[in-house]
Amino acid sequence: MRYFSKHDSIEVSLLLSNNPNAFALKRAENFGIPSHVFTRDEFSAPEQFLPRLGEKQISHIVLAGFLWLVPDYLVRAYPDRIINIHPALLPKFGGKGMYGSKVHEAVKLARETQTGITIHLVNEKYDEGKVLFQTACPVEAGHSAGDIANCVHQLEYKHYPRVIEEWVLKSLT
């Protein structure tokens, strides 16, 4: 939100969350961005969900920390216009149930020497969309899952806004 707050041609115009306790809702409020908390039933119903996006003329969808599988109707309505970030170097450590600390624990358990982030388009399957960007950080033998998470978070903060910007601008040309 901060990155795009003064952007010439891209704006965050709506924040949607399935988690009523998500801190992003408070961030949206602080930036004056409308938000809405939705249920699984609402998300599963195109006749309820798509009009909410249409009202705000949403052209692209950015996922961050979203754990549900995106329904087929939404992928079809926004082809190549839904982006996600995953806290590992896909295809490793991806798929249903692989999120957050679970990913970092798996990386440590597998004795990986590097991990990172993958920014990808969303399709009908977990973490299998076209990769737009990957970058890595080293994993040292003594790193805890928390150490790994800190490294990955730094990569997310550094790269996700820029990759979103490039993706949106490219799709508008």
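Between E166 and R52, what FRET efficiency follows from the Cβ-Cβ distance if R0 is 25 Å, with the result rounded to 0.05?
After rounding to 0.05, the efficiency reads 0.40.
Determine the alpha carbon to alpha carbon distance for each of K6/K56; K125/K158; K56/K96; K108/K170 and list only those over 28 Å.
Listed pairs above 28 Å: K56/K96; K108/K170.
Which is farthest toward the positive dipole end of the chain among V62, I10, P87, measuring Cα position about the Cα centre, with Cβ charges +1 (Lys, Arg) and -1 (Asp, Glu)?
Farthest towards the positive pole: P87.
Highest GNM mean-square fluctuation, the chain, Cα pairs closer than 10 Å: which of R27, R52, R40?
Result: R40 has the largest fluctuation of those listed.
So, in nm, how far is label E105 from label Q134 when the simple model puts each one 7 Å beyond its Cα toward the Cβ?
Reported label-point gap for E105 and Q134 is 2.4 nm.
How many angstrom lie between the Cα centre of region 138-170 and the Cα centre of region 72-109?
13 Å
Two decimals, Cα atoms only, Kirkwood Rh: what is Rg/Rh over region 83-172?
Expressed as Rg/Rh, it is 0.98.
Considering just Cα atoms, how many Å³ per residue does the convex hull of the chain enclose?
116 Å³
How many percent of the alpha carbon pairs in region 1-58 exceed a separation of 16 Å?
That fraction is 48 percent.
Per DSSP H run of at least 4 residues, take -39500 (n - 2.57); add these up for the chain, divide by its residues and hand me the 222 nm value, nearest 500 deg cm²/dmol.
Dividing the helical sum by the residues of the chain leaves -12000 deg cm²/dmol.
Run through the DSSP bridge list for the chain and note the antiparallel percent, rounded to the nearest 5.
Of all bridge pairs located within the chain, approximately 70 percent are antiparallel.
Relative to the present Cα-Cα distance, how much length would full extension add between N150 and K125 at 0.36 nm per residue of separation?
Between N150 and K125, full extension yields 6.3 nm more.
Work out which GluC sites (Glu not before Pro) in the chain are exposed loop sites (DSSP not H, G, I, E or B, at most 14 other Cβ within 10 Å) and give the longest gap free of them.
My reading of the result: 12-123 is the longest stretch.
Values quoted throughout were computed directly from the atomic coordinates according to the rules given, and no laboratory measurement underlies them. Quick caveat, the model's predicted, so the values are computed rather than measured. Every residue, glycine as well, gets a Cβ built from its backbone with ideal geometry; the counts of neighbours run over all protein chains shown.
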